[in-house]
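Colleague: Got a structure here, written out as structure tokens. Questions coming.
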Amino acid sequence: NFFRRPFQLGDVDDNGSTLVSTNGLWTMSRDFKGCVYPQWFGAVGDGIFNDTEAVRSACKLATRIGAEVGFAGMTKAYIDTNASIVVNCSMRGCGVTLVSRGGIISPPTNGTLKNMFIVKDPLLVQRAVSINVAELYDGQTQLTVPEDVGNGMLYISSNKQIGSRTSDPTTPLYFAISHSIYRGGVLNYPIKTDLTANTITALFTPSPQSWVEIDGFNADETSYNNQCLFRIERGLTRVKKIAIQPNGQNSMPINVNYLFRFVNSVNVVVEDCIISGQSTYGGNTYGIVFDNCCDITMSRMYGRGRDTWGVMETNNVNGVVINDCSLNRLDVHQGMHNFFVNGGVCYGNAVQYGWGSGLLV
């Protein structure tokens, strides 16, 4: 059946053989084993040749056939600044170093960072849902939701004013919260405020049907200087064995932000990572950032260095477990709900807590 149409790079036959190119000749690889390699599409992996489109093609094929992308055999992946490669499959870095093709870029003027990778499932789109405001009272654990709302994340924003930022007293803050939501409208934690008399908006983001892992990547300093290495907009994502370590004490000339940024994600894990960012003049490195996320577990995460905030939990995060981490600090800008720390150590200002609700243990 495989031979009834013209060959396409990356085709897989019934025996698990994969069509690859070797020295310009079409051959069949018998060691497919569920992994797609950028080299099939022309990647060199020497930090000189542009590997961007080869990596993009590998991610597309792996997503289509339910495989992983493996970087074994590549020393450096040379990828365009702001490549925005969409990833919806596991990626095994195998110790490859990500190098930004474009070098150190200028800080963004509008606060919007460029992205090297965007991890998301394009089929899962956030949408508005109707919920009964009368059910939004302190202690509520289950909501009446439409039949098509299953597992995922429910983000609730309101017009209930809760104060203002100390650094900007003229700008009011309004209560908002993210909840993991399960079949039948069950919430991961009880609601801890009364919103029954307020105007609210509810947005639902479905959870994917499978896990993906981002595993075993290193990064050249230019790769994450003023751009986001991985922007993750997908639940059920595990990031592990990431090593981000500058070469010298003054080696980074401009500020750095958001090496890994999780947005609208539920059930995420970060483990066995070391991130130490630096800047020559007062810029801050936010190693791992969570915006509107739920049920987060971080284990054996290491983040220290000058002007390094370690980890910034921000913007309506609900259900965070920190296990045995060594960090400069845990910086909560706004909306940390149900926060648990077990073992490990924080340096500097330790925990900077904005506002939140529920448990702080």
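Colleague: I'd like the residue in the range 330-345 that is open to solvent by 10 Å² or more (accessible area, probe 1.4 Å) and small (G, A, S) and, out of all such residues, is farthest from M312 (Cα to Cα).
Modeller: Result: G343.
Colleague: Across the range 267-281, what is the total count of residues that are on the phi < 0 side of the Ramachandran plot and either assigned to a loop (DSSP other than H, G, I, E, B) or at pLDDT 95 or above (or both)? Full working, then the answer.
Modeller: Of the residues in the range 267-281, the ones on the phi < 0 side of the Ramachandran plot are 268-271, 273-281.
This time we only want the ones that are either assigned to a loop (DSSP other than H, G, I, E, B) or at pLDDT 95 or above (or both), so: 268-271, 276-281.
Total meeting the criteria: 10.
Colleague: Another question, then. Under 7 Å between Cβ atoms, at least 6 apart or on separate chains: pull out the pairs that start in the range 212-231 with a residue that is farther than 19 Å from A62 by Cα and end on any residue that is open to solvent by less than 10 Å² (accessible area, probe 1.4 Å) and in a helix (DSSP H, G or I).
Modeller: Listed by first residue and then by second, the contacts come to L229/S223.
Colleague: For the structure I just gave you, tell me whether Q161 is of a type in the set (S, T, N, Q) and more than 25 Å from F262 (Cα to Cα).
Modeller: On the way: of a type in the set (S, T, N, Q): yes; more than 25 Å from F262 (Cα to Cα): yes.
In short, yes.
Colleague: How about the range 118-159: which of its residues are surrounded by fewer than 17 Cβ atoms within 10 Å (Cβ to Cβ) and charged (D, E, K, R)?
Modeller: R127, E135, D138, E147, D148
Colleague: Just a yes or no: is a residue in the range 50-73 farther than 18 Å from C35 by Cα, of a type in the set (K, R) and open to solvent by 10 Å² or more (accessible area, probe 1.4 Å)?
Modeller: no
Colleague: While we're on this one: Any chance the range 30-44 includes a residue that's at negative phi, modelled with pLDDT under 55 and not hydroxyl-bearing (S, T, Y)? Can you show your working first?
Modeller: So in the range 30-44, the residues at negative phi come out as 30-32, 35-41, 43-44.
Those still in the list that are modelled with pLDDT under 55 too: 30-31.
Going one step further and asking which of them are not hydroxyl-bearing (S, T, Y), we end up with 30-31.
For the range 30-44, residues at negative phi, modelled with pLDDT under 55 and not hydroxyl-bearing (S, T, Y): present.
Colleague: Within the range 131-160, track down each residue that is of a type in the set (D, E) and touching a Ser or Thr at 6+ places or on another chain (Cβ under 7 Å).
Modeller: As a first pass, look at the range 131-160 and keep what is of a type in the set (D, E): 135, 138, 147-148.
Selection gives E135, D138.
Quick grid of which residues meet (1) open to solvent by less than 20 Å² (accessible area, probe 1.4 Å); (2) touching a strand residue (DSSP E or B) at 6+ places or on another chain (Cβ under 7 Å); (3) more than 20 Å from D291 (Cα to Cα); (4) acidic (D, E):
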| site | (1), (2), (3), (4) |
| --- | --- |
| I162 | no, yes, no, no |
| L173 | no, yes, no, no |
| R183 | no, no, yes, no |
| Y189 | no, yes, no, no |
| T205 | yes, yes, no, no |
| R231 | no, yes, no, no |
| R234 | yes, yes, no, no |
| K240 | no, yes, no, no |
| V266 | yes, yes, no, no |
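Colleague: Same structure again: With the condition kept exactly as written, say whether any residue in the range 162-180 is aliphatic (A, V, I, L, M), farther than 30 Å from A62 by Cα and not in a strand (DSSP E or B).
Modeller: Narrowing the range 162-180 to residues aliphatic (A, V, I, L, M): 162, 173, 176-177.
Applying the additional criterion that residues be farther than 30 Å from A62 by Cα yields 162, 173, 176-177.
Going one step further and asking which of them are not in a strand (DSSP E or B), we end up with none.
Scanning the range 162-180, I find no residue that is aliphatic (A, V, I, L, M), farther than 30 Å from A62 by Cα and not in a strand (DSSP E or B), so the answer is no.
Colleague: Could you grab me the full set of residues in the range 112-142 that are polar (S, T, N, Q) and in a loop (DSSP other than H, G, I, E, B)?
Modeller: Pass one, the range 112-142, residues polar (S, T, N, Q): 112, 115, 126, 130, 132, 140-142.
Of everything in the range 112-142, those that are polar (S, T, N, Q) and in a loop (DSSP other than H, G, I, E, B) turn out to be T112, Q126, S130, N132, Q140, T141.
Colleague: Shifting gears a bit: Within the range 111-118, identify whether any single residue is at pLDDT below 95 and closer than 19 Å to G335 by Cβ, and answer yes or no.
Modeller: yes
Colleague: Let me ask something additional. Taking into account only those residues within the range 47-56 that are in contact (Cβ under 8 Å) with a residue 24 or more places away in the chain and of a type outside the set (A, V, I, L, M, F, W, C), which is farthest from C94 (Cα to Cα)?
Modeller: Filtering the range 47-56 for residues in contact (Cβ under 8 Å) with a residue 24 or more places away in the chain gives 47-52, 55-56.
Subset that is of a type outside the set (A, V, I, L, M, F, W, C): 47, 50-52, 56.
Details: G47: 15, N50: 19, D51: 16, T52: 18, R56: 17 Å.
Within the range 47-56, the match that is farthest from C94 (Cα to Cα) is N50.
Colleague: E147 fails exactly one of the following numbered conditions: (1) at pLDDT 95 or above; (2) charged (D, E, K, R); (3) part of a loop (DSSP other than H, G, I, E, B). What is the number of that condition?
Modeller: (1)
The values are calculated or read from the model by the stated rules, or taken from the named source; none is laboratory data. It should be emphasised that the depicted structure is a prediction, and the values quoted were computed from it without experimental measurement. Ideal geometry is used to build each Cβ from the backbone, glycine not excepted, and the neighbour counts take in all protein chains shown. Each accessible area value is taken on the protein alone, full model and side chains, heavy atoms only, with ligands, DNA and RNA left out. Shrake-Rupley method; radii C 1.70, N 1.55, O 1.52, S 1.80 Å.
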